[in-house]
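The structure appears below as structure tokens.
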Amino acid sequence: MSFLVVENPAERRFEILVDDALAGFAAYEPRGEVLVFTHTEVDERFQNMGVGAALVRGALDQVRERGGRLVPRCSFLAAFIERHPEYADLVVPDA
């Protein structure tokens, strides 16, 4: 099983493809250089397979690579960052 996380700016979300099938997404609202993550969803066919964690990790890595920052309004994404403090430096206060 192969995972690929890609950004889809037209839909304002990061998507995860599992063996070329859309398996989930993490939606965001852009606010300048900051992305406000609002919702993460994984298709039920792909739940409990690590897809959500792979999606969030891939999205956060891409945000970091381009020097961006984020606000984790999505509870799934916020919980992931809490469990993986190496991503805490990407978080900015929600204003």
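What follows is calculated from the coordinates using simple rules that are stated; it is not laboratory data. Quick caveat, the model's predicted, so the values are computed rather than measured. Methodologically, a virtual Cβ is constructed for each residue, glycine included, from the backbone with ideal geometry; neighbour enumeration extends over all protein chains shown.
Distance between the 7 Å Cα→Cβ label points at residue 65 and residue 2: 1.6 nm.
How far, in nm, would the chain grow between residue 86 and residue 48 when pulled straight, counting 0.36 nm per residue and subtracting the alpha carbon separation? Don't skip to the end; give the middle numbers.
Numbers: separation 38, 0.36 × 38 = 13.68 nm, distance 2.31 nm.
Length gained between residue 86 and residue 48: 11.4 nm.
Calculate how steeply helix 51-65 sits against the longest principal axis of the alpha-carbon atoms of the chain, using the helix alpha-carbon long axis, and give the answer as 0 to 90 degrees to the nearest 10. Orientation of helix 51-65: about 40 degrees from the principal axis. Compared with the direct C-alpha span, the chain from residue 19 to residue 33 gains 1.9 nm at full extension, assuming 0.36 nm per residue.
Charged side chains reduced to their Cβ positions (Lys and Arg at +1, Asp and Glu at -1) give region 3-90 a dipole of some 280 debye around its Cα centre. Extending 7 Å from Cα along the Cβ direction at residue 73 and again at residue 10 yields two label points whose distance is 2.4 nm. Loop sites here are GluC sites (Glu not before Pro) outside DSSP states H, G, I, E and B with no more than 14 other Cβ atoms within 10 Å. The longest part of the chain free of them is 34-95. Among the trypsin sites (Lys or Arg not before Pro) in the chain, those placed in a DSSP loop whose Cβ has at most 11 other Cβ atoms within 10 Å are 66.
Beyond 18 Å, what percent of the Cα pairs of the chain remain? Value for the chain: 38 percent of Cα pairs lie more than 18 Å apart.
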